[in-house]
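Here the structure is laid out as structure tokens; the discussion comes afterwards.
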Amino acid sequence: MSQSTMPIVRKATERGHVNIDWLNSYHTFSFGNYQDPNWMGFRTLRVINDDIVAPASGFGTHAHRDMEIVTYVLAGALEHKDSLGTGAVIHPGEVQRMTAGTGITHSEFNHSAEEAVHLLQIWIIPDTVGLTPSYEQKQFPAAEKQGKLRLVASKNGRDGSVTIHQDVDMYVGLISTNESISFEPQPDRSLWLHVAQGEISIDDRVLSAGDAIAYPPSGSNLTITSPTNAEIILFDLK
């Protein structure tokens, strides 16, 4: 997307959309067959795919390289297997980071016969190409996110977050009805705020699930409230 000095809203209804028999997916940025030169990413944030995977379905083995891939499950459970020999199930509240580096193959599958999986898959362009492929997964309890922004991914892995190879801080927050969360960025940092679930109010704007808002560097404090329960993901980017 073009750089702006004003906040830019990305509405959920304007995203790319793929709906096949086992996958209902919305693309915040250009991905696959959805290509829009105005929405190629934001800073080093390249992909936010909002996926619902039907029961007993999933992504077959496929390859990635030179990308930091973060998976965040909102509902259900997603099994992950990769060419590193890693096998794990990602549950709600867990964050998985996979460094594709020089090349990795993996698959993702919903083994439930009844429940769909709702997940966000996030791609971040790494600061170095040719990294050794690696994997990390951590649980972040709801209590650590309730009424606050919990750091879940960062370049230096601080505060127990997973480590990503880029100068990006990723936060998750849970907001109860009429509760507020505030965030004060550094003046040289940009922000991308994605509403994962529920509805929020920010700068006299109402944003619903799937909506997002981008802020250029300003250092201005953000205050986020919710008329209903909401879950948000905030990216703090150089």
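So the values come out like this:
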item	result
Pairs with Cβ under 7 Å, 6+ apart, first in the range 75-103 and at negative phi, second part of a loop (DSSP other than H, G, I, E, B) and charged (D, E, K, R)	Ala100/Arg65; Ala100/Asp66; Thr102/Arg65
Selection within the range 30-47 - surrounded by 15 or more Cβ atoms within 10 Å (Cβ to Cβ) and touching a residue at least 24 places away in the same chain (Cβ under 8 Å)	Trp39, Gly41, Phe42, Arg43, Thr44, Leu45, Arg46, Val47
Subset of the range 86-127 (residues that are of a type in the set (Val, Ile, Thr) and closer than 23 Å to Phe31 by Cβ)	Ile90, Val95, Thr99, Thr102, Ile104, Thr105, Val117, Ile122, Ile124, Ile125
Residues within the range 115-133 that are out of contact with any strand residue (DSSP E or B) (no Cβ under 7 Å at 6 or more places or on another chain), touching a residue at least 40 places away in the same chain (Cβ under 8 Å) and over 25 Å from Val195 (Cβ atoms), tallied	3
Residue check for Ser30: more than 18 Å from the chain's Cα centre (by Cα) and either among the polar types (S, T, N, Q) or at pLDDT 95 or above (or both)	no
Unmet criterion (only one of (1) surrounded by fewer than 15 Cβ atoms within 10 Å (Cβ to Cβ); (2) within 20 Å of Thr86 (Cβ to Cβ)) for Ala142	(2)
Close pairs from the range 52-67: first on the phi > 0 side of the Ramachandran plot, partner part of a loop (DSSP other than H, G, I, E, B), Cβ under 6 Å, at least 6 apart	Ala56/Ala113; Asp66/Val129
The one condition in (1) in contact with a Pro (Cβ under 8 Å, 6 or more places away or on another chain); (2) buried (at least 17 other Cβ atoms within 10 Å of the Cβ); (3) not in a strand (DSSP E or B); (4) not hydroxyl-bearing (Ser, Thr, Tyr) that Pro126 fails to fulfil	(1)
Filter pass, Thr61 being hydroxyl-bearing (Ser, Thr, Tyr) and surrounded by fewer than 16 Cβ atoms within 10 Å (Cβ to Cβ)	yes
So Thr228, is it at pLDDT 95 or above and hydroxyl-bearing (Ser, Thr, Tyr)	no
Residues being of a type outside the set (Phe, Trp, Tyr) and farther than 22 Å from Ala142 by Cβ - total across the range 176-210	12
Residues of the range 161-188 classified as under 18 Å from the mean Cα position of the chain (by Cα) and of a type outside the set (Phe, Trp, Tyr), total	14
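Residue by residue, here is whether (1) touching a His at 6+ places or on another chain (Cβ under 8 Å); (2) crowded, with 17+ Cβ neighbours inside 10 Å; (3) within 17 Å of Phe42 (Cβ to Cβ) holds:
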site	(1), (2), (3)
Leu149	no, yes, no
Val152	no, yes, no
Val168	no, yes, yes
Leu174	no, yes, no
Gly219	no, no, no
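The values are calculated or read from the model by the stated rules, or taken from the named source; none is laboratory data. All values reported here derive from a predicted model rather than from experimental measurement. Here Cβ is always computed from backbone atoms with ideal geometry, including for glycine, and neighbour counts include all displayed protein chains.
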